[in-house]
Each structure stands twice: as structure tokens, then as C-alpha cells.
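Student: Sharing a structure below in C-alpha cells format, with a few things to ask.
The values are calculated or read from the model by the stated rules, or taken from the named source; none is laboratory data. This is a predicted model, so every value here is computed, not measured. Cβ atoms come from the backbone with ideal geometry, glycine included; neighbour counts cover every protein chain shown. In case anyone asks, the SASA skips ligands and DNA or RNA and just uses the protein heavy atoms, side chains included. Shrake-Rupley method; radii C 1.70, N 1.55, O 1.52, S 1.80 Å.
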Amino acid sequence: MHPNPAFRGESTARNLEFARARGFGVLAVAAKGAPLISHVPFLLNPDGDVAELHLVRSNPIVRLLAEPVAARLAVSGPDSYVSPDWYGVEEQVPTWNYVAVHLVGRLELRPQEEMRGLLDRLSAEFEARLAPKLPWVADKMQPEGLVRMMRMIVPCRLHVEDVQGTWKLGQNKPDAARMDAAEAMEDAGVGSEVAALAALMRAVS
């Protein structure tokens, strides 16, 4: 996470709320050579100490799960390049503003019989966000097809031991400079969800 404490002042509760709302992240596990990375949807429980997810059975991470392993789930939010010209203040340099939360803990493989329940919970969570659409449910599939699909994936659980967040929103800049940058970003930002990021910058207290 960013070393500047100005960007790490959000509460654990808000970091967890952010991760839970996103529901998608990058799972990283140490291995020989480069770390192993997977992009995964997940469910974070109400206490924020367990994240449920699944992996394709052939994923190299699965082969490491004979016993629980250290893992990190990185959840990214809005981000954008920030031009020094936007601040209206001299002697500034280019930077990038963003929001990111890391869930750090131990990843374990769960019994295969838990896969159907996890699939149902995952689909229920994200289908509910599409209301008023009629939710998709696994029972819409032919039983043989569902069984075949579930053989290809395995349930996993991340026991969260640490929550880290970076909310880099220009907190280290004068209020007027940050507001000017937010306005310029919303008009011409380069990144992802720049309007949402600009709104967060304006909301900094």
C-alpha cells in the first residue's frame, strides 16, 4: 500500500465495506518464480474476516492448497492520472489517484460438497444487484450440465487476518487545488470510473 499515511486514514469498516461492495479482486499467492495471480469474484461475510471464492480446478493455485497458504486479495476501485496543471499550484508533478483495499490472510481449499452452496450465494448476491431483472438461479440449468460445470471448479475460503487500504485522493494538497483537480479529472480524466474518483476527492474532509 502507499507509504504516505495521509492516504491510509480510512477505517477498517470502510475498507471492508468498499471490498464487499466491489466483490471482485485479484488473488495473489507466492510461488517459485513470479507470484500466481487469479481474478476472482468473492463474497465477504458481515464480520469481514472470511472471503469465499472459487477457482477453476486446473488453476495452479489449487495445486498449492494441500494446506492453507498465505494469500492477498487486492480489490481495486476508481483510478485516474492527475496532471500537475490541474492543481493551479506551482512545482507539482504528475501522479495517479486511486482507491485500493487488500485483504490479507490464509487461503484454504474447502470440501467439494460446499461448491453448490457457494455458487448459489455468489449468483444471488450479484443477481440481486440487477433488480428488477428476474434473478438467474442454478436450477435453470439441466442437472447434468450443472454437475459437469461444478466438477470444473473448487470452493475456497480466505481467512482475513489484515485489512489494508489506500485512498489516494489528493489529501496532501490544498483544498482548492484538490477541488480544481477533481473538476478537471471529471472533464478529461484518463483512467477508470474517473467521475466516481472525482466525487471521492471532493468529499475529502
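Student: Starting from the Cα gyration tensor of segment 60-149, take the square roots of the eigenvalues, sort them a ≥ b ≥ c, and report rounded, prolate or oblate (rounded when a/c is under 1.5, otherwise prolate if a/b is larger than b/c, else oblate). Numbers along the way, then the final one.
Tutor: Numbers: a/c = 4.23, a/b = 1.78, b/c = 2.38.
Oblate is the answer for segment 60-149, as a/c is 1.5 or above yet b/c matches or exceeds a/b.
Student: What accessible area per residue comes out for segment 48-205, rounded to a whole number of Å², with a 1.4 Å probe? Please report the intermediate quantities before stating the final value.
Tutor: On the way: 8400 Å² over 158 residues.
For segment 48-205, the per-residue accessible area is 53 Å².
Student: For helix 115-128, report the angle its Cα long axis makes with the longest principal axis of the Cα atoms of the chain; keep it between 0 and 90° and round to the nearest 10°.
Tutor: 40
Student: For the chain, what % of the accessible area comes from carbon and sulfur atoms, probe 1.4 Å?
Tutor: Values: 6320 of 11140 Å².
Its accessible area is 57 percent carbon and sulfur atoms.
Student: Still on this model: With springs only between Cα atoms under 10 Å apart, run a GNM on the chain and tell me which of GLN142, GLN171, GLN92 wobbles the most.
Tutor: GLN142
Student: Would you grab the residues whose amide H sits under 5 Å from the one on HIS2? Only those 5+ places off in sequence or on another chain, please, with H modelled 1.01 Å from N.
Tutor: So HIS2 has HN proximity to no qualifying residue.
Student: Within segment 76-97, which residues have the backbone N less than 15 Å from the label spot 7 Å out from ASP187 along Cα→beta-carbon, could you tell me?
Tutor: 83-89
Student: Helix 194-203: angle to the longest alpha-carbon principal axis of the chain, degrees 0 to 90, nearest 10?
Tutor: With both axes taken from Cα atoms, the answer is about 60 degrees.
Student: Put a dot 7 Å past each Cα toward the Cβ at GLU91 and LEU130; how far apart are the dots in nm?
Tutor: Inter-label distance under the simple model: 5.4 nm.
Student: When a/c is below 1.5 the answer is rounded, else prolate if a/b is larger than b/c, else oblate, so apply that to segment 40-100 with a ≥ b ≥ c taken from the square roots of the Cα gyration tensor eigenvalues.
Tutor: Values: a/c = 3.83, a/b = 2.69, b/c = 1.42.
Prolate, since a/c reaches 1.5 and a/b exceeds b/c.
Student: What FRET efficiency do you get for ALA21 and ALA199 if R0 is 22 Å and r is their Cβ-Cβ distance, rounded to the nearest 0.05? Each step should come with its number before you reach the end.
Tutor: On the way: r = 15 Å, r/R0 = 0.67.
E between ALA21 and ALA199, to the nearest 0.05, is 0.90.
Student: Related question: What angle do you read, to the nearest 10 degrees and between 0 and 90, between the alpha-carbon axis of helix 12-22 and the longest principal axis of the chain?
Tutor: Relative to the chain, helix 12-22 is tipped by roughly 70 degrees.
Student: Quick one: check the C-alpha center-to-center distance for segment 152-182 versus segment 78-130, whole angstrom.
Tutor: 8
Student: When ranked by the protection proxy of mean other Cβ atoms within 10 Å per residue, highest first, what sequence do the peptides 177-185, 127-135, 115-123 form? Before the final figure, lay out each step's value.
Tutor: Values: 177-185: 20.6, 127-135: 9.6, 115-123: 15.4.
Ranking the peptides 177-185, 127-135, 115-123 by packing returns 177-185, 115-123, 127-135.
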